[in-house]
Amino acid sequence: MEIATWNLNSITVRLPQLLEWLQENKIDVAGLQELKCDTDKFPYDELKAAGYHVAVNGQPTYNGVALVSRSEITDVSYDLPGFEDDEKRVIAGTINGIRVINLYVVNGQDPKSDKYSYKLAWLKALTAYLKTELEAHESVVVLGDFNIAPTDDDVHNPKAWKDRILCTDEERAAFNELLALGLTDGLRIFAEPKGQFTWWDYRSQGFDKNHGIRIDHLLLSPRVSARVMETKVYLNVRANERPSDHAPVSVVLR
DNA sequence: ATGACCGGTTGCACCGGA
């Protein structure tokens, strides 16, 4: 069973690439982010025709998340409970006994901005939410675009990124709080070479030069972590014509 | 490098992204 995450940066533009990637790789479950598409404008028919169940928390222009799955999705929930927020950044569902929680974490823009305070508050509410989810479910996968590069090894040029958004000590501490709930960073289960990234700037030939960062993650509860056989970063998808700036990332479970 | 590139908008330059 393969569970993946991909920030599409517009499902309207990326739909053909999404369908091709799902089919070619027989992806079982995917959390999608940055749909930039309202819930009622989601391409339900195309995903259904490809053999997928879907659950959507959409928003026009910004944000928007969805789960797509070959198996049925039950107990779907939306947003962070008890957190006042108009932005559509969270959708969760249960698939084959696994609680899959799909996140599009706040970017934060700049450490001095209001958006940064919002990001830190959002992450605090997320931590509380995940704590209750982990108490309620043994098999949990928290995946998505976390907009945090957890360590300097996750950045092509740590000096240039030092204290910049996605790399501040506070954001990294918040990420470690998530791990401290008992979650494992899926892409770090096996020894990976340095320079394994998931996002590359469209500008300055970022992908060609592998000037990237690792900000898309799959965090796994122990029950799931023990099942991981393989992890994947779909560089070939990032190499497509008219790509998203993020590559799909996945774990394969036994 | 206050840069670049991309998607979306009610647009015809901007904002946000990361």
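The values are calculated or read from the model by the stated rules, or taken from the named source; none is laboratory data. These numbers were taken from a predicted model, which means no experiment stands behind them. No Cβ is skipped: glycine too gets one built from the backbone with ideal geometry, and neighbour counts run over all protein chains shown.
Which ones in segment A:9-36 are within 9 Å of DNA strand B (Cβ to nearest atom) and either under 24 Å from A:VAL140 (Cα atoms) or charged (D, E, K, R) (or both)? Answer for segment A:9-36, where residues must be within 9 Å of DNA strand B (Cβ to nearest atom) and either under 24 Å from A:VAL140 (Cα atoms) or charged (D, E, K, R) (or both): A:ARG14, A:GLN33, A:GLU34, A:LEU35, A:LYS36.
What's the total number of residues in segment A:241-254 that are surrounded by fewer than 15 Cβ atoms within 10 Å (Cβ to Cβ) and either under 29 Å from A:ILE165 (Cβ atoms) or within 16 Å of DNA strand B (Cβ to nearest atom) (or both)?
Initial filter on segment A:241-254 (surrounded by fewer than 15 Cβ atoms within 10 Å (Cβ to Cβ)): A:241-242, A:254.
Subsequent filtering for residues that are either under 29 Å from A:ILE165 (Cβ atoms) or within 16 Å of DNA strand B (Cβ to nearest atom) (or both) retains A:241-242.
Number satisfying all stated conditions: 2.
Every residue in segment A:199-239 that is surrounded by fewer than 19 Cβ atoms within 10 Å (Cβ to Cβ) and in contact with an Asp or Glu (Cβ under 6 Å, 6 or more places away or on another chain), please. Result: A:TYR202, A:ARG223.
Could you please find all residues in segment A:37-49 being away from DNA strand B (no atom under 15 Å from the Cβ) and either at pLDDT below 95 or buried (at least 16 other Cβ atoms within 10 Å of the Cβ) (or both)? Once the filter is applied, which keeps residues that are away from DNA strand B (no atom under 15 Å from the Cβ) and either at pLDDT below 95 or buried (at least 16 other Cβ atoms within 10 Å of the Cβ) (or both), segment A:37-49 yields only A:LEU47. For segment A:8-42, residues that are among the aromatic types (Phe, Trp, Tyr) and in a loop (DSSP other than H, G, I, E, B) total 1.
Among the residues of segment A:99-122, is any more than 16 Å from DNA strand B (Cβ to nearest atom), in a loop (DSSP other than H, G, I, E, B) and either more than 15 Å from A:VAL76 (Cβ to Cβ) or among the small types (Gly, Ala, Ser) (or both)? Before you say what the answer is, go through the steps one by one.
Initially, segment A:99-122 is screened for residues more than 16 Å from DNA strand B (Cβ to nearest atom), giving A:99-101.
Okay, now just the ones that are also in a loop (DSSP other than H, G, I, E, B), so none.
For segment A:99-122, residues more than 16 Å from DNA strand B (Cβ to nearest atom), in a loop (DSSP other than H, G, I, E, B) and either more than 15 Å from A:VAL76 (Cβ to Cβ) or among the small types (Gly, Ala, Ser) (or both): absent.
With the requirement that a residue be among the hydroxyl-bearing types (Ser, Thr, Tyr) and either out of contact with any His (no Cβ under 8 Å at 6 or more places or on another chain) or without any contact (Cβ under 8 Å) to a residue 12 or more places away in the chain (or both), what does segment A:188-209 give you?
We begin by selecting, within segment A:188-209, every residue among the hydroxyl-bearing types (Ser, Thr, Tyr); these are A:198, A:202, A:204.
A:TYR202, A:SER204 - these are the residues of segment A:188-209 that are among the hydroxyl-bearing types (Ser, Thr, Tyr) and either out of contact with any His (no Cβ under 8 Å at 6 or more places or on another chain) or without any contact (Cβ under 8 Å) to a residue 12 or more places away in the chain (or both).
Entry remark, segment A:164-185: residues being over 24 Å from A:VAL140 (Cα atoms) and either part of a loop (DSSP other than H, G, I, E, B) or small (Gly, Ala, Ser) (or both) number 5 in total. In segment A:133-176, the qualifying residues are those that are in contact (Cβ under 8 Å) with a residue 40 or more places away in the chain and β-branched (Val, Ile, Thr), and the one that is nearest to DNA strand B (Cβ to nearest atom) is A:ILE165.
Taken together, A:THR5, A:THR61 contain a single residue that is of a type in the set (S, T, N, Q), within 15 Å of DNA strand B (Cβ to nearest atom), at negative phi and not in a helix (DSSP H, G or I), which is A:THR5.
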